[in-house]
Amino acid sequence: MPIDKDLKREVRMETGMKFGRNTPSVAQIKETTRQVLEAKLKQKQQPLAPADKETFINAIVDDLLGYGPLEQLLHDDNITEIMVNGPGGIYIEKRGKKTLSSVEFDDEAHLRTMLEKMLVQAGRRLDESSPYVDFSLKDGSRINAIISPLAVNGSTITIRKFLGGLTSLDHLIQLKTINEAMAALFRAAIKARLNIVFAGATGAGKTATLNVLSHELTPDERIITIEDALELKLSQAHVVKLLTRPNNIEGKGAVSVRQLFSNTLRMRPTRIILGELRGEEALDYLQAVNSGHDGTLAVLHASTPADVIGRLETMAMYAGLNLPSSEIRRQIASGLNLIIQHEQLADGSRKITYITEVAGMKDGEIILNDIFRFEFAGLTENGQVLGEFKTVNRPVNTERFKKRGIRIEEIIQPGASQPA
């Protein structure tokens, strides 16, 4: 039986008022809610089945101590994404498929109250002067929120949940995101301190792969991360986390990725991790990887390895230094070593579709060398993707591997393939 929203508002308000500024326990809220509910039902002469009473009471607990109807979705490990399209439409993604959930907010005011709780926890604000925001919850879940009048159907929240179960390359192998040979190349690339870009569309798994690969970093490294919202979960002790800052209510005080990146170079980093390259900081990134800051890891939105090159070139031009495109390409060719391309396929599965080496320049053009590639073979009757991981070529630039004692020719066997 659906919850009576008017009754729920009354019970929630009366229960909350009984505690004032105190922080009650779950048991206290449940007992108080039960008493208030019973009194209201008696007053209204409105019957309610025992099971429906428990559902009602739990909903009040979620409202007062958590994020309302989002609570049960946030705690469901099978849900990877939550999309709130106003108070009456909450969609979820399970195993790559998006469906309408059975829960909803009471109204826009209820939705905004729960959103405000999230914002307070993250130290961010949302109002008419700043109507959209990116931030993250304590568990690492990434949130984008946008409110009216920009969001016509009501406050819209997109929650990309942190996949805490992925802690090793073996997990990616089990999920058939990669195969064993690709995992071996990843370990070698981290050990050889290659500069790596994790590319793909939104939700393709870029940050998840970066988090997994971070477990291959050694404890003696001084790691500095730069993010717009805290998504990276590193297990090492010596990690410095830097976070950008938006303008304050007066429209001042913003600190950009580029400003943080510039400061990071003075902080004696062993390794720099960029949560996302998206603008003029791309030029600073290229200059850094060309001046001894090896092992830099960065995320970038791009649909193919070739697009990574084009986007880096375009973003570097935003810096306004009027460098010729040939010089920017030269810096990309000499500074970037490896592109890991991600894709979410038709059946919802996520795979690394290319591992591509930036092999140098020829006649002013950057040469890309595919080392691994996922080759699509079709769909089964129930819509599952068929295909195989294929080893295409060995890396051309092997000097860094040799310096670290890595025999890359033993890891890469061109022509080998494995169903995925």
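The values are calculated or read from the model by the stated rules, or taken from the named source; none is laboratory data. Fair warning: this is a prediction, and the values are worked out from it, not measured in the lab. In this analysis, Cβ positions are derived from the backbone assuming ideal geometry, glycine residues included, and neighbour counts consider all displayed protein chains.
List of remarks:
- Within segment 322-352, the set of residues being over 25 Å from LEU230 (Cα atoms), in a loop (DSSP other than H, G, I, E, B) and modelled with pLDDT of 95 or more comprises just one member, ASN337.
- Hits in segment 264-292 (condition: part of a loop (DSSP other than H, G, I, E, B) and either not assigned by TED's automatic domain parsing to the domain that holds LEU213 or not hydrophobic (A, V, I, L, M, F, W, C) (or both)): ARG266, ARG268, PRO269, THR270, ARG278, GLY279, GLU280, ASN290, SER291, GLY292
- VAL103 being over 15 Å from THR158 (Cα atoms) and either β-branched (Val, Ile, Thr) or touching a residue at least 60 places away in the same chain (Cβ under 8 Å) (or both): yes
- Of all the listed residues (GLU381, GLU343), the sole one being closer than 29 Å to ALA184 by Cα and in the same structural domain as ASN179 (by TED's automatic domain parsing) is GLU343.
- Of all the numbered requirements in (1) more than 23 Å from THR296 (Cα to Cα); (2) part of a helix (DSSP H, G or I); (3) among the hydrophobic types (A, V, I, L, M, F, W, C), ILE159 misses one, and that requirement is (2).
- All of ILE190, ILE226 fail the test of being crowded, with 16+ Cβ neighbours inside 10 Å, under 28 Å from ALA319 (Cβ atoms) and either not aromatic (Phe, Trp, Tyr) or not assigned by TED's automatic domain parsing to the domain that holds SER141 (or both), apart from ILE226.
- Lone unmet requirement of (1) at pLDDT below 95; (2) outside any helix (DSSP H, G or I); (3) under 26 Å from PHE56 (Cα atoms) for MET118: (2)
- Test for ILE82: is it hydrophobic (A, V, I, L, M, F, W, C) and within 30 Å of THR202 (Cβ to Cβ): yes
- Where a residue in segment 272-299 is within 22 Å of VAL212 (Cα to Cα) and its partner, wherever it lies, is among the aromatic types (Phe, Trp, Tyr) and part of a strand (DSSP E or B), with Cβ under 8 Å and at least six apart: LEU297/PHE198; ALA298/PHE198; VAL299/PHE198
- The single condition among (1) surrounded by 15 or more Cβ atoms within 10 Å (Cβ to Cβ); (2) assigned by TED's automatic domain parsing to the domain that holds GLY140; (3) over 23 Å from ILE146 (Cα atoms) that ASP76 does not meet is (1).
- Residue in segment 91-101 that is of a type in the set (A, V, I, L, M, F, W, C), at pLDDT 90 or above and under 28 Å from ARG142 (Cα atoms) present: yes
- Condition check for ALA319: surrounded by 18 or more Cβ atoms within 10 Å (Cβ to Cβ) and either assigned to a loop (DSSP other than H, G, I, E, B) or of a type outside the set (Lys, Arg) (or both): yes
Here is a yes/no grid of residues against (1) closer than 22 Å to THR202 by Cα; (2) of a type in the set (D, E, K, R); (3) outside the structural domain of LEU73 (by TED's automatic domain parsing):
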| residue | (1), (2), (3) |
| --- | --- |
| TYR91 | yes, no, no |
| SER102 | no, no, no |
| ASP106 | no, yes, no |
| GLU128 | no, yes, no |
| TYR132 | yes, no, no |
| ASN153 | no, no, no |
| ILE173 | yes, no, yes |
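- Odd one out for GLY253 among (1) in a loop (DSSP other than H, G, I, E, B); (2) out of contact with any strand residue (DSSP E or B) (no Cβ under 9 Å at 6 or more places or on another chain): (2)
- Of the residues THR398, THR356, the single one that is touching a strand residue (DSSP E or B) at 6+ places or on another chain (Cβ under 8 Å) and of a type in the set (S, T, N, Q) is THR356.
- Residue in segment 60-71 that is among the aliphatic types (A, V, I, L, M) and exposed (fewer than 11 other Cβ atoms within 10 Å of the Cβ) present: no
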